Amino acid sequence: MQITTSPDAKSKIVNTAVVVAALGYFVDIYDLVLFSIVRIASLRDLGVTSPAALLDEGVHLINMQMAGMLLGGIFWGVLGDKRGRISVLFGSIFLYSAANVANGFVHNLELYAWLRFIAGVGLAGELGAGITLVSEVLPKEKRGYGTTIVASVGISGAILAGVIGEYFHWRTAYFVGGGLGLLLLLLRIGVYESGMFARTQKQEVARGNFLSLFTNRARFLKYVKCILVGVPIWFVIGVLITFSPEFGQALGVPVAISTAKAIGFSYFGLSLGDVASGLLSQKLKSRKRAVILFLFLLALAITLYLVAHGASETYFYALCCALGFASGYWAMFVTIAAEQFGTNIRATATTTVPNFVRGAVIPFTLTFSAYKEEWGLLLTAGALGAFALLIALVAILTLPESYGKDLDYLEES
């Protein structure tokens, strides 16, 4: 099936750029959260049995995946500004799909870890390229709607991952994820390259210079603030939800908590939150005010989660959904990153920012693992959560408002 888009159709909110970015992000999120879902089952099959080892090996493999995303974010971001958004969109989908098929065949921990690293490299590119493309092809008054569609459709991939991970063997779950990505590539959905990017190709200007994000003080501060705004989201996903079985036990939940269900409920909430935050930002005509409101909602949700002693199974999963909803400013966060920088480094910034946020899981999980015995799971998580929320609030308060900003400009070297 070949689907193409004419330039005249690009003013529509739902065009093939939005469709491809949304479907690609759907598969991206499926594969991104899958290890968290099948962590216990897969590690047990590979010979890891003790609860402490399951947590520690899980932290190691998550960190390998996130390290891959850190490096991949730089690689795909630079490539997106040098070669185009489309090449990154489809190249990243191919890499993480192939890696996840290979994950279904692993029989030792070392290979498992390296395949999670390779998958992480692939997973790093799709979202940034997709959001950059959508932001550049839609009118400035409508791009918030477009990026909201991408995020809300994409986030629902985690719900499918939760269902597959809960009811099928973990190897089958990896095959399904890889197969979905390869199927998307076989559909050969055609998309025009961004006109803004096409114009930069004809100009004598440096494109994809990652170091230029660090050589100008004002630009560097904007870049760091964009990263800090998203840190609480991946604290929730990488710590509170990924290790929900351990938190359920610490809180005295009377039944064993399923990671697959916790992720499914949290991402269901995240999908609703992305729609709500996107529509709210359009209504308020402000990205900043929408994000600030959601940060306060997230602080409330984290507090309720960590004090839910003796919670019922139903209440615990409801809290997972609430955590997801309050974390649902992901679309706004990535859109803000796209709107802060010129066309010649926009893909670099937009692709690296969410991956540095995901990479923040590494120090969070390492700190969590180091202090959980001394401080306890709940106190350690509370301290980390408070820190993440504080730096995000300071960052969003000091970032320039970007709603309705004209994106057709270049950054000086």
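In the chain, helical runs assigned H by DSSP with n ≥ 4 each contribute -39500 (n - 2.57); averaged across all residues and rounded to the nearest 500, the mean residue ellipticity at 222 nm is -25000 deg cm²/dmol. On the protein heavy atoms, probe 1.4 angstrom, tell me the percent of accessible surface of the chain carried by carbon and sulfur. Carbon with sulfur: 67 percent of the solvent-accessible area. Within the listed set Gly376, Gly181, Gly269, the residue fluctuating most in the Gaussian network model of the chain (springs between alpha-carbon atoms under 10 angstrom) is Gly376. Couplings for region 288-301, taken from phi via the Karplus curve 6.51 cos²θ - 1.76 cosθ + 1.60 with θ = phi - 60°, read 5, 5, 5, 5, 4, 4, 6, 5, 5, 4, 5, 4, 5, 5 Hz in order; Gly and Pro are left as x.
Spherically averaged projected area of the convex hull of Cα atoms, region 360-399: 2.8 nm². Using the average count of surrounding beta-carbon atoms within 10 Å as a protection proxy, the listed peptides 152-159, 54-61 rank, highest first, as 152-159, 54-61.
Compute the helix-to-body angle for 51-82: its Cα long axis versus the longest principal axis of the chain, expressed 0 to 90° and rounded to tens. The angle comes out near 0 degrees. An ellipsoid equivalent to region 82-192, defined through the eigenvalues of its Cα gyration tensor, has semi-axes of 28, 16, 12 Å when rounded to whole angstrom and sorted largest first. Compared with the dominant Cα axis of the chain, that is its longest principal axis, helix 170-186 is turned about 10°.
For the options Met196, Met66, Met332, a Gaussian network treatment of the chain with springs between C-alpha atoms closer than 10 Å singles out Met196 as fluctuating the most. For Lys142, the aspartates and glutamates whose Cα comes closer than 14 Å to its Cα, not counting residues fewer than 8 places off in the same chain, are Glu339, Asp406.
For region 244-344, the convex hull drawn through the C-alpha positions has a volume of 101 cubic angstrom per residue. Taking only alpha carbon atoms, region 284-413 gives an Rg to Rh ratio of 1.04, where Rh is the Kirkwood radius.
The Cα center of region 18-52 and the Cα center of region 96-167 differ in position by 11 Å. In terms of packing, defined here as the mean over residues of other Cβ atoms within 10 angstrom, the peptides 74-86, 121-133 line up highest first as 121-133, 74-86. Solvent-accessible surface of region 56-155, averaged per residue with a 1.4 angstrom probe and all protein chains in place: 30 square angstrom. Sorting the segments 105-115, 39-49 by their residues' average number of neighbouring beta-carbon atoms within 10 angstrom, most packed first, yields 39-49, 105-115. What pairs in Lys261/Lys288; Lys225/Lys285; Lys140/Lys202; Lys225/Lys283; Lys140/Lys222 have C-alpha atoms more than 29 Å from each other? Long pairs (Cα-Cα over 29 Å): Lys261/Lys288. Taking θ as phi - 60° and the Karplus parameters 6.51, -1.76 and 1.60, the scalar couplings of region 268-280 work out to 4, x, 4, 5, 5, x, 5, 5, 5, 5, x, 5, 5 Hz in sequence order, x denoting glycine and proline.
Normalising the average separation of contacting C-alpha pairs (under 8 angstrom, six or more residues apart) by the number of residues puts the relative contact order of region 254-339 at 52 percent. Taking only the Cα atoms of region 155-221, the ratio Rg/Rh comes out at 1.24, with Rh defined as the Kirkwood radius. Mean separation of Cα pairs under 8 Å and 6 or more residues apart, divided by the residue count, gives region 104-206 a relative contact order of 36 percent. The C-alpha atoms of the chain define a longest principal axis, and helix 85-103 lies at about 20 degrees to it.
Phi angles across region 239-250 convert, under the Karplus curve 6.51 cos²θ - 1.76 cosθ + 1.60 with θ = phi - 60°, into 3J(HN,Hα) values of 10, 5, 8, 4, 9, 4, x, 5, 5, x, 5, 5 Hz, Gly and Pro given as x.
The values are calculated or read from the model by the stated rules, or taken from the named source; none is laboratory data. Just so it is clear, the structure is predicted and the values come from calculations on it, not from any experiment. Counting neighbours? That spans all protein chains shown, and the Cβs are built from the backbone with ideal geometry, glycine included. Note: areas computed on protein heavy atoms with side chains; ligands, DNA, RNA excluded. Shrake-Rupley method; radii C 1.70, N 1.55, O 1.52, S 1.80 Å.
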